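Engineer: Please read through the structure below; I'll follow up with questions.
The values are calculated or read from the model by the stated rules, or taken from the named source; none is laboratory data. This is a predicted model, so every value here is computed, not measured. Cβ atoms come from the backbone with ideal geometry, glycine included; neighbour counts cover every protein chain shown. Areas reflect the complete protein model, heavy atoms only, side chains present, ligands, DNA and RNA absent. Shrake-Rupley method; radii C 1.70, N 1.55, O 1.52, S 1.80 Å.
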Amino acid sequence: MRLNRGIGRLCGACRMAFAAFSLFCAGTATAQPTERMPLDKDWRLMIGDSADAATPGFNDRAWKLVDVPNDWAIAGPFDQKALSTGSGGWLPTGVAWYRKHFRLPENAKGKRVFVEFDGVMERSGVWINGRHVGHRPNGYASFRYELTPFLDAEGDNVLAVRADTSAQPASRWYAGGGIYRHVRLVMSGDTHFDQWGIAVRASQVSREGADISIDASVRNLTDKAKAGRIAVAIVAPDGKTVARGESATVALDAGRVTPLQARMRVTDPQLWNLDNPALYRAEVTLLSDGGEVVDRQVERFGLRDARFEAETGFWLNGRNVKLKGVAIHADGGAFGMAVPLAFYERRLRGLKALGVNAIRTAHHPFSPEFLDLCDRLGLVVMDEAFDMWTVAKNPQDYHLFFTDWSSLDARDFARRDRNHPSVMIWSIGNEIHDTPYPLVAKSIIERLMKIFHEEDPTRPVTMALFRPNTTGDYQNGLADMLDVVGQNYRERELAQAHADKPSRKIIGTENSKNRDSWLPVRDNAAYAGMFLWTGVDYLGEADRAGWPSISNPSGLVDRTDFVKPVGWERASWWAETPVVKIARRITESVDISALPTMIGVAMPQPRGPGALMDWSPERRDAHPETVEVYSNAATVELFLNGRSLGSKPRNADDSARRWEVDFEPGTVRAVARDAAGRTVATDALRTAGAPAAIRLVAETPTIGSDFDSIGFVRVEVVDAKGVVVPSATNRVRISIEGAATLAAYDNGSPTDHTLFSEAERPVQAGRALAMLRGTGTGSVRVRASAAGLKPANVTIAVHP
């Protein structure tokens, strides 16, 4: 083998390793399609450092047994002295070691073996049987290493991972710690498809047909050239094969990666749309010259015609679509950064119900399964790579590694995500502080755009410019290097930049939630859309408020995805289904996401909660209350205890409809009607009495038993009539009997320091959310109790 050439020049340990490698590969078969094996179960974890933790014989029996994904930092505690500061939610940081003992399965014999990590936070090092195989500073990068030369084909193997977040502060939001995404073993023959080596590209897409190109990178790790080709079957959403194609047979040079391409056409395709996200499969087979199967891989993709136009914004399949987006961070609230897919799905479905049709992954690569979910749900994604380049936002952040690592990180990112139909546009940076130095910034833009265009010539590239008029980005040519010009906030500035140069394609990459930011986007056809800061409350970035705040409350929904008044207001502007919601205006709202963020700028504080969705003011005597209704209906009529307070039409500027109402206990009700006078939606608020009982609402009748399957139970403190008590702060204890565990418990409060793993916590505004994970088959009985309140029970079925 080529690997043996020059072995005499290697050290004794390396010669032993190569001897083991040769023995390991002695049974190499001709046809060995790649297989994957999850490696999530039964890791051992130690918080702290040890010089010997990578050695195979190290005694780890006292370490904690965990499964991954695992975010060790979310276990807490919250500490005002934490090095992560409020940016990291006052949660712990440091070194953590993970060790996994495993024996190779029979199907690994004679194959090359790799380990794939979807994400390790951060500055990770990986060892197999004491041999260091790789290091990756970027905690959001997905990566893999070959283990083959160092494996024991018959005995115990020890995979050790060191994750290091001790250098702080390093992030502007909570970033977690440890192996917080999935891990797997990959077993391939000597000749195989490269990692992320298949690109599915569609062109000339219409309802009549689509041309498809399958571009595959094949790696030949033998010392002999061989011939090969790829054969492709395109499988439609209904499971029928609708097209086939093959590449030419080409020479696969020894020790090289060779490109192969197959072309075919699909007629009458089902297009990937927001309301019908049809997904196809490309079944790609690598064949030898003699027709033997060498490798096989399946890629999911969607067929859609997506483009940005300078005059008219974003188009999808011939339809002009305004992108109504939100930026979100990756944390899952109580789960930290190790987020079950069911949690993400509940969150994204909730946002989509508010009219959201696009997500910006702020400000780094998310997990692969998050994009799978966006593919399935029909959400457009702005896929973002970096929050900083060479100029720091924190002393220990990624700027320390950007020069050396950003090209590799960008290329891996583009290759990993390019087949997702939900990804419509790449972002190479957020509020980058290099732009005051245009020579530096332009050279980086040129380099990064070249990478993205090489790996994915089908999508445009943008970045979130920060105060471009201050740094001269529109005058010095920097902005015009981008395929689509993105700007954070200052919507009229971006509109003016387009007016100054009508060939510019423009998009709001980060925008405040007030109406003054929405109207310039709504009323300007050139604006492709906007991304609100932010869709969801998130852990960290609590420095403005300071201790005891642990999370940033700037979302349309809170950490438990309970919709706030500002979320329903947005739904009245964005949703395509009838919306009507009542709120009680307390103070004029201030959108904290629109406040200055630069270091050294004084931060004004928000003036109170803005609006509350209750009819339970502290004062119960007659006094004036401002009632506002969020609705997209033609007219809304308001009733108080059955008496009509009048109807109001929809305002042209989308402002809420308001009534000044003399309070009286009872029910305030809104009836929304269309232009023909038909009732399309209603809402009602009732005055709450004293807390009397707990109500449990299971959102699904069954839950699963793997990491990604979570059951959600809403916990509500109600009065004697079943009305949620908005002033309730009772401590409610959750007990579990049966085939499940309490995975997490949260109330959405930005200041509650109760650990998310604890079974007792106060409710906030009368509400909390219990999250369960099944442990087998059967059922689970959930009981909620609190001093002075009638307890509640609910039973949920559990399946494997």
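Engineer: Choose one of THR165, VAL218, HIS192: the residue whose Cα lies farthest towards the positive end of the charge dipole of segment 136-235 (beta-carbon charges +1 Lys, Arg; -1 Asp, Glu; about the Cα centre).
Structural biologist: THR165
Engineer: Starting from the Cα-Cα distance between ILE586 and SER503, subtract it from 0.36 nm times their residue separation and give me the gain in nm to one decimal.
Structural biologist: Stretched out fully, the ILE586 to SER503 stretch lengthens by 25.4 nm.
Engineer: Can you list the lysines whose alpha carbon sits under 19 Å from that of LYS226, skipping same-chain ones fewer than 8 residues off?
Structural biologist: Counting by Cα, and skipping residues close in sequence, LYS226 has these lysines nearby: LYS111.
Engineer: Another question about this same structure. Have a look at ALA583, ALA633, GLY677 and report the one farthest towards the positive end of the charge dipole of the chain, computed about the Cα centre with Cβ charges (Lys/Arg +1, Asp/Glu -1).
Structural biologist: Towards the positive end, the residue furthest out is GLY677.
Engineer: Along the Cα-to-Cβ line of LEU439, 7 Å from the Cα, sits a label point; which residues in segment 462-482 have backbone N less than 12 Å from it?
Structural biologist: Within reach of a label on LEU439, which here means backbone N under 12 Å from a point 7 Å along Cα→Cβ, segment 462-482 contributes nothing.
Engineer: Shifting gears a bit: Using 0.36 nm per residue, how much length does the chain from ASP516 to ASP194 gain when fully extended, once their Cα-Cα distance is taken away?
Structural biologist: Here the answer is 111.0 nm.
Engineer: Over segment 166-220, give the accessible area per residue in Å² for a 1.4 Å probe, as an integer.
Structural biologist: On a per-residue basis, 25 Å².
Engineer: So how strong a dipole does segment 406-487 carry about its Cα centre when Lys and Arg Cβ are +1 and Asp and Glu Cβ are -1, to the nearest 20 debye?
Structural biologist: Rounded to the nearest 20 debye, it is 80 debye.
Engineer: Can you tell me the FRET efficiency between ARG731 and HIS135 if r is taken as the Cβ-Cβ distance and R0 is 60 Å, rounded to the nearest 0.05?
Structural biologist: After rounding, the FRET efficiency stands at 0.85.
Engineer: What's the center-to-center distance, using Cα atoms, between segment 351-405 and segment 634-700 in Å?
Structural biologist: One Cα centre to the other: 38 Å.
Engineer: Just list whichever of LYS513/LYS648; LYS81/LYS513; LYS324/LYS352; LYS393/LYS442 have alpha carbons separated by over 21 Å in the model shown.
Structural biologist: LYS513/LYS648; LYS81/LYS513
Engineer: Something else now. For ASN273, what residues show an amide H to amide H distance below 5 Å, using hydrogens built from the backbone and excluding near sequence neighbours?
Structural biologist: For ASN273, the qualifying residues are ALA278.
Engineer: Given the options HIS453, GLN475, GLY486, identify the residue whose Cα lies farthest towards the positive end of the charge dipole of segment 437-486 (+1 on Cβ of Lys, Arg; -1 on Cβ of Asp, Glu).
Structural biologist: GLN475
Engineer: Also, I was wondering about something else. Just check the chain against the gyration tensor rule for me: Cα atoms, a ≥ b ≥ c as the square roots of the eigenvalues, rounded for a/c under 1.5, and otherwise prolate or oblate depending on whether a/b exceeds b/c.
Structural biologist: Cα axes put the chain in the prolate bin.
Engineer: Still on this structure, I have one more. Taking H as built 1.01 Å from N, whose amide H comes closer than 5 Å to the amide H of THR165, not counting residues under 5 places away?
Structural biologist: GLY94, VAL95, ALA96, GLU122
Engineer: What 222 nm value per residue comes from the helices of the chain, counting each DSSP H run with n ≥ 4 as -39,500 (n - 2.57) and dividing by all residues, nearest 500 deg cm²/dmol?
Structural biologist: Taken over the chain, the calculation gives -4000 deg cm²/dmol.
Engineer: Multiply the residue gap between ASP67 and LYS226 by 0.36 nm, knock off their C-alpha separation, and tell me the result in nm, one decimal place.
Structural biologist: Full-extension gain reported as 53.1 nm.
Engineer: When only C-alpha pairs under 8 Å and at least 6 residues apart count, what is the relative contact order of segment 494-579, in percent?
Structural biologist: 20 percent
Engineer: For segment 597-738, how big is the tail of P(r) above 23 Å, as a whole percent of Cα pairs?
Structural biologist: 56 percent
Engineer: While we're here: Could you give the nm distance between label points at THR795 and GLU446, where each point is 7 Å from its Cα heading toward the beta carbon?
Structural biologist: 7.1 nm
Engineer: Using a 10 Å Cβ count of at most 14 others and DSSP loop calls, identify the longest part of the chain lacking such trypsin sites (Lys or Arg not before Pro).
Structural biologist: Formally, the longest exposed-site-free interval is 257-606.
Engineer: Under the classification rounded if a/c is under 1.5, otherwise prolate if a/b is larger than b/c and oblate if not, where does segment 351-491 fall, given a ≥ b ≥ c as square roots of the Cα gyration tensor eigenvalues?
Structural biologist: Taking the square roots of the gyration eigenvalues as a ≥ b ≥ c, segment 351-491 is prolate.
Engineer: Points 7 angstrom from Cα along the Cβ direction at ASP523 and THR667: gap in nanometres?
Structural biologist: 3.9 nm
Engineer: Run through segment 255-321 and list the GluC sites (Glu not before Pro) located in a DSSP loop whose Cβ has at most 15 other Cβ atoms within 10 Å.
Structural biologist: Passing both the DSSP loop test and the Cβ count: GLU292, GLU311.
Engineer: Roughly how many Å² of ILE710 are accessible to a 1.4 Å probe, to the nearest 10?
Structural biologist: Per-residue accessible area (ILE710): approximately 20 Å².
Engineer: OK, next. Just to be sure I understand the model, the point goes 7 Å from the Cα along the line to the Cβ. What's the resulting MET37 to ALA622 distance in nm?
Structural biologist: Label at MET37, label at ALA622, 7.9 nm between them.
Engineer: Could you grab the relative contact order for the chain? Cα pairs under 8 Å, six or more apart, rounded to a whole percent.
Structural biologist: Relative contact order here is 9 percent.
Engineer: Return the tail of the calculated pair distribution for segment 484-552, meaning the percent of Cα-Cα pairs more than 18 Å apart.
Structural biologist: 44 percent
Engineer: What do you get for the angle between helix 491-500 and the principal long axis of the chain? Use alpha-carbon atoms, 0 to 90 degrees, nearest ten.
Structural biologist: Roughly 60 degrees, rounded to the nearest 10.
Engineer: Let me know the shape class of segment 676-800, please: from the alpha-carbon gyration tensor, a ≥ b ≥ c as square roots of the eigenvalues, rounded when a/c is under 1.5, otherwise prolate if a/b is greater than b/c, or oblate.
Structural biologist: oblate
Engineer: To the nearest 20 debye, what charge dipole does the chain have about its Cα centre, counting +1 at the Cβ of each Lys and Arg and -1 at the Cβ of each Asp and Glu?
Structural biologist: 720 debye
Engineer: Restricting to Cα pairs below 8 Å that are 6+ residues apart, what does the relative contact order work out to for segment 107-222? Please round to a whole percent.
Structural biologist: Reported as a whole number, the value is 29 percent.
Engineer: Further question: In degrees, nearest 10, range 0 to 90: what is the angle between the Cα axis of helix 341-353 and the longest Cα principal axis of the chain?
Structural biologist: The helix 341-353 is inclined about 50 degrees to the chain.
Engineer: Expressed as an acute angle from 0 to 90° and rounded to the nearest 10, what is the orientation of the C-alpha long axis of helix 565-574 relative to the principal long axis of the chain?
Structural biologist: The two axes meet at around 80 degrees.
Engineer: Let me ask something else about it. Assigning unit charges at the beta carbon (Lys, Arg +1; Asp, Glu -1) and nothing else, what dipole magnitude in debye, to the nearest 20, does segment 148-208 show about its Cα centre?
Structural biologist: 540 debye
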